[in-house]
Amino acid sequence: MVFIKSVGDTLSLYALQRYLILFFFIMLLLSLLFIPIIGVFLILVNKDNGVSLTSIKFIALTASIFNLFVSLIIFILFDFSTNQFQFVQEYHEISYFDFFLGIDGLSIYFILLTTIIIPISILSNWTSISKDVETYLIIILLLETLLLAVFLVLDILLFYIFFESILPPAIWSGKSLTQDLNSLYSAPIAASINGGYRTVIKQINKLRLYSTVHPKREFELDPNFVTGFVDAEGCFTVTITRDPVNKTGWRVKPAFEIGLHKKDLALLKLIQNYFNKVGIISLQSKDVVRFRVFTLKDLMTIIDHFDQYPLLTQKRTDFEFFKQIILMMGNKEHITLEGFRGIVAIRCSLNKGLSEKLKQNFPDIVPVLDL
């Protein structure tokens, strides 16, 4: 308390608490990456100082268990009610990418699984590895860091680099540590730089240089990628609002939407081009851009794609309901009272169902459970 008072003029208790909490969250992600590195450093320091192999093994095991403990804390603090990246940190900017770290609802499980497998791997080979034990443990800890980096980085280029770095030795050799690490990491990375790395850079440049004025620079998306991306980020919506001009007194407005951060505008344009440039892209908020398709003619382009390349998650059910409504509107059924009520019944099963206001206006509608 004396310390808080002494700095009270420059830093309030509330600000200090916020700083400590923020520092704690930053250190969680950094700890996952650096604890194995610290273990490697301790092994290197102690391996030539007469320390027994058992002690060296305990150093590696302790580092992996500490990492497991950190991953459990992250798992407990993770908010599973949102689909946004969490614990996101940006450290510095490089010419081709930003160094981002973060976790989503999928990577959290891979991180936890990795930190569970590593100590199990060390324990399972406690007595079976008798040659070059230090080298083996160092490589195991380095692999843990690289694996965790794959699941933590949010930049495609860094993901590629870390992914290519996780190439375990095919044959265990009796070479020195320097030779082992050189054969394990230097050769694959050099090959990647000469081949795949340049391809990735070219693809990124194509995205950065993208322009509708230069069609030769366009980057063609794979249809299965589009389907998988929509499975994660897309949305099929049907809005029903009052409209006294229509005979039914209501208006049906279907739409297909994808919302992304404004940094991903180039990708959103590529998706729009894939769908024959239908729909519009607009700024939804300060940092969010949205691709939206809403006319019946354009929506048929969307439907044709997903008929040929089906969705795989629960979103496929939403798509089938959405498709049925589009087909009914194409047949002008929405302008009749009977057809409109049929659309409302289907809308009951789409996404989160009807709003409270619509439930009050259509209390006798029975939801369509299957098409």
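The values are calculated or read from the model by the stated rules, or taken from the named source; none is laboratory data. This is a predicted model, so every value here is computed, not measured. We place every Cβ from the backbone using ideal geometry, glycine too, and count neighbours over all the protein chains shown. Surface areas here come from the heavy atoms of the whole protein model, side chains and all, with no ligands, DNA or RNA. Shrake-Rupley method; radii C 1.70, N 1.55, O 1.52, S 1.80 Å.
A compact table of results
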quantity: Cα gyration tensor category, rounded, prolate or oblate, for the range 100-163 with a/c compared to 1.5; calculated: oblate
quantity: Label-point separation in nm, Phe294 to Arg251, each point 7 Å along Cα→Cβ; calculated: 0.9 nm
quantity: Calculated FRET efficiency for the pair Ile303/Thr82, C-beta based, R₀ 35 Å, to 0.05; calculated: 0.75
quantity: Length added when fully stretched, Leu113-Asp243, from 0.36 nm per residue minus Cα-Cα; calculated: 41.5 nm
quantity: Surrounding net charge for Val288, when Lys and Arg each add one and Asp and Glu each subtract one, Cβ distance under 13 Å; calculated: +1
quantity: Cβ-defined net charge surrounding Asp243, 12 Å radius [Lys, Arg +1; Asp, Glu -1]; calculated: +4
quantity: Subset of Lys247/Lys332; Lys297/Lys332; Lys297/Lys359; Lys332/Lys359 violating a 19 Å alpha-carbon distance limit; calculated: Lys297/Lys359; Lys332/Lys359
quantity: Full-extension gain in nm, Lys359 to Ser128, via 0.36 nm per residue minus C-alpha separation; calculated: 76.5 nm
quantity: Label-zone membership for the range 119-136, site Ser52, 7 angstrom Cα→C-beta point, backbone N under 19 Å; calculated: 123-135
quantity: Arg290 - accessible surface, heavy atoms, 1.4 Å probe, Å² rounded to 10; calculated: 60 Å²
quantity: Residue order for Lys247, Lys297, Lys262, Lys357 - accessible surface, 1.4 angstrom probe, largest first; calculated: Lys247, Lys297, Lys357, Lys262
quantity: Listed residue pairs exceeding 18 Å between alpha carbons, taken from Lys47/Lys131; Lys253/Lys352; Lys323/Lys357; Lys57/Lys131; calculated: Lys323/Lys357
quantity: Computed E for Glu338/Asn224 - FRET, C-beta separation, R0 51 angstrom, nearest 0.05; calculated: 0.85
quantity: Around Gln86: net Lys/Arg minus Asp/Glu count, Cβ-Cβ under 9 Å; calculated: -2
